[in-house]
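Okay, so here's the structure we're looking at.
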Amino acid sequence: MSPPPIASLQPLKFDLRQARAFAFVADELHFGRAAARLFMSQPALSRSIRQLEEAVGVPLLERSTRRVRLTPAGDAFAVECRVALGHLGRAVNAAQQAAQGREGRLRVDYMDFAINGRLPRVLQAFRDRHPRVDIDLQYLPTALQHAALLEGRLDIAFGIGQFDSPAVVNLLVEQEDFVALLPETHRLARSATVRLGDLATEPFVVGNEASYSSFRTRLFSLCHAAGFFPRIVQQASNTSGILGMVAAGVGVSIFGGSARNLQRVGVVIRPLAGVQETIPTFAAWVADHPSPVLRRFRETLVLHVQSSYTPGAA
């Protein structure tokens with residue numbers, strides 16, 4: 001059962017210091033020892049407990065010259081009091097951890113090339129350092145990431161190319177080479193490399209416009225430079241679909257080098273000879289984003305990129 005909303009609770013007529021003082025008395029059942037632990041005088045402690053009882057409206061302690069003990073009401077109050085103080089202590093710790101970026105939530109959007117490439121290793125490194133941060137991962141094509149970023153619906157995006165906006169910071173995370181994806185029975189499957197022009201008359205499998213618009217722009221430009229436009233016979237919305245269609249012999253495809261990280265029976269991956277262009281994956285975030293968690297993630301990301309970045313590697 002969820003707790004009642006704050007507005008529906010009875011207003012308290014005592015403060016946190018009185019509740020804490022009572023918890024100490026309940027533990028010790030001795031005013032002198034409790035006062036010593038609280039670094040206050042015994043008369044002041046007795047006064048505080050009397051005020052607490054008046055606020056609660058029932059006796060919490062039975063006092064005599066020889067001993068102090070809890071009333072049934074006091075016993076019940078002590079149990080809940082300890083729980084409440086424990087929750088408040090955890091609330092303080094959670095607030096401190098969140099302010100330092102060690103606890104909270106990080107919203108990350110990615111496209112296929114990022115999740116097939118270096119991003120999983122970056123996320124794992126961050127999780128190892130900050131296990132109390134919840135990471136919300138969502139697939140979103142590069143073109144749609146930009147609006148989501150500016151509207152505050154995500155914290156950091158991993159897309160193709162830079163996001164040209166004065167409000168946004170970009171960090172180059174990875175550069176992939178272009179590769180040819182061929183059915184294993186293809187006439188060029190045994191070649192060490194493939195020239196783009198050799199594929200001019202081939203049927204092509206490509207990512208659809210909704211999911212791959214940024215990549216398609218680069219692919220079509222590459223083909224245009226080689227003197228042809230790909231004859232598209234089938235389109236897919238994700239990497240698995242593209243690889244599956246190539247494996248089925250539907251056609252060939254041009255993709256990013258991160259495809260090497262994926263095992264697919266029936267598909268042969270070959271470098272494109274004479275192609276110098278690369279596919280850059282950038283991380284982008286709003287410059288004045290206040291999230292301490294994002295700041296921590298950026299620190300991990302920068303360290304990872306600096307230590308492991310190799311142009312053209314997946």
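In the set (1) within 33 Å of the chain's Cα centre (by Cα); (2) farther than 30 Å from T300 by Cα, the condition left unmet by V233 is number (1). The conditions of being among the polar types (S, T, N, Q), under 23 Å from E277 (Cβ atoms), crowded, with 20+ Cβ neighbours inside 10 Å and at pLDDT 95 or above are met by S253. Considering segment 210-249, and only residues there that are without any contact (Cβ under 8 Å) to a residue 24 or more places away in the chain and under 22 Å from E277 (Cα atoms), the residue that is surrounded by the most Cβ atoms within 10 Å (Cβ to Cβ) turns out to be R216. Right, R37: modelled with pLDDT of 85 or more, basic (K, R) and outside any helix (DSSP H, G or I) or not? So R37 does not fit the description; no.
The numbered conditions (1) over 27 Å from G104 (Cα atoms); (2) in contact (Cβ under 8 Å) with a residue 40 or more places away in the chain; (3) charged (D, E, K, R); (4) in a loop (DSSP other than H, G, I, E, B) are all true for D288 except (1). Among the residues making up segment 57-71, those that are assigned to a loop (DSSP other than H, G, I, E, B) and either over 51 Å from the mean Cα position of the chain (by Cα) or in contact (Cβ under 8 Å) with a residue 60 or more places away in the chain (or both) are S64, T65, R66, R67. Taking segment 216-248 as the region of interest, how many residues are part of a strand (DSSP E or B), under 20 Å from Y139 (Cβ atoms) and of a type outside the set (A, V, I, L, M)? Looking only at that region, the number is 1.
Got at least one residue in segment 189-196 being assigned by TED's automatic domain parsing to the domain that holds W285, in a helix (DSSP H, G or I) and touching a residue at least 24 places away in the same chain (Cβ under 8 Å)? So far as segment 189-196 goes, yes, one or more of its residues are assigned by TED's automatic domain parsing to the domain that holds W285, in a helix (DSSP H, G or I) and touching a residue at least 24 places away in the same chain (Cβ under 8 Å). Starting from residues that are in contact with a helix residue (DSSP H, G or I) (Cβ under 7 Å, 6 or more places away or on another chain) and surrounded by 17 or more Cβ atoms within 10 Å (Cβ to Cβ), keep the ones in segment 270-291 and report whichever is farthest from H146 (Cα to Cα). This residue is L272. Within segment 226-238, if we keep just the residues that are modelled with pLDDT of 95 or more and touching an Asp or Glu at 6+ places or on another chain (Cβ under 9 Å), the residue that is farthest from R118 (Cα to Cα) turns out to be R231.
If T201 satisfies every condition in (1) more than 25 Å from P271 (Cα to Cα); (2) at pLDDT 95 or above but one, which is the exception? For T201, the exception is condition (1).
The values are calculated or read from the model by the stated rules, or taken from the named source; none is laboratory data. No experiment lies behind these values; they were computed from the predicted model shown. Note that each Cβ is placed from the backbone with ideal geometry, even for glycine, and that neighbours are counted across all protein chains shown.
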